[in-house]
1. Within segment 61-95, count every residue that is within 16 Å of the ligand (Cβ to nearest atom) and either at negative phi or modelled with pLDDT under 75 (or both).
2. Among (1) modelled with pLDDT of 95 or more; (2) buried (at least 21 other Cβ atoms within 10 Å of the Cβ), where does A134 come up short?
3. Filtering segment 149-170 down to residues that are in contact with a Phe, Trp or Tyr (Cβ under 8 Å, 6 or more places away or on another chain) and more than 10 Å from the ligand (Cβ to nearest atom), which residue is farthest from E19 (Cα to Cα)?
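The values are calculated or read from the model by the stated rules, or taken from the named source; none is laboratory data. Being a predicted model, the structure only gives us computed values, none of them experimental. Positions of Cβ are backbone-derived with ideal geometry, glycine not excepted, and every protein chain shown enters the neighbour counts.
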Amino acid sequence: MKLHDLEFELFIPAAGIHEKIQQLAAQIQQDYNGKTPLFLPILNGSFVFAADLIRLIQLPCRVSFVKHSSYHGTISSGKLKTLIGLSESLFNQDIIIVEDIMDTGLTLSKVVEELRSLGTRSVEIVTLIRKEAARKHAVQPRYVGFDIQDEFVAGYGLDYEGFGRNLPDIYRKR
Ligand code: IMP
């Protein structure tokens, strides 16, 4: 399957993704019983994952999509990015960041730092995919869908050069 100028092959079929998301939702539901979490999905990549995950959560909760102030393509730049789109007050809130993929983990560690400085009660991360390199980072997600090697993936919200977000399955670069 070709995306833009590269060949990709099927990696995680939609059924496997949905099974995993049910497990993640069940864990979150159990851990946040009695709480009112605020989900912060990070655009653009997590819009599909967030939509599926949130519909399986039966807790009183809120959702606010956020975005990095600058976007540097698919290669981690290591530059500090701040979040935009935060409309709710985060003071005393239990935040669950919803991320599509952790590569180096650098982006999320900055986000966690920023959110903690705003007086949040707790900040946890749910990521659909964690790459090998991210496992070495100090900031770790509480919930992980799939642990993969350091390979490039697209589909299910994830893009290559802007393409592939609409695909129901996850593909990897050949
Ligand atoms: P990190 O700061 O290195 O963890 O970068 C994470 C961000 O890089 C993700 O939110 C994605 O936007 C992007 N990214 C990293 N790896 C991939 C990939 O394999 N496919 C698509 N986007 C990726």
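1. First, pick out the residues of segment 61-95 that are within 16 Å of the ligand (Cβ to nearest atom): 65-85.
Those left that are additionally either at negative phi or modelled with pLDDT under 75 (or both): 65-84.
Matching residues across segment 61-95 total 20.
2. Only one criterion is unmet by A134, namely (1).
3. Among residues in segment 149-170 that are in contact with a Phe, Trp or Tyr (Cβ under 8 Å, 6 or more places away or on another chain) and more than 10 Å from the ligand (Cβ to nearest atom), the one farthest from E19 (Cα to Cα) is L167.
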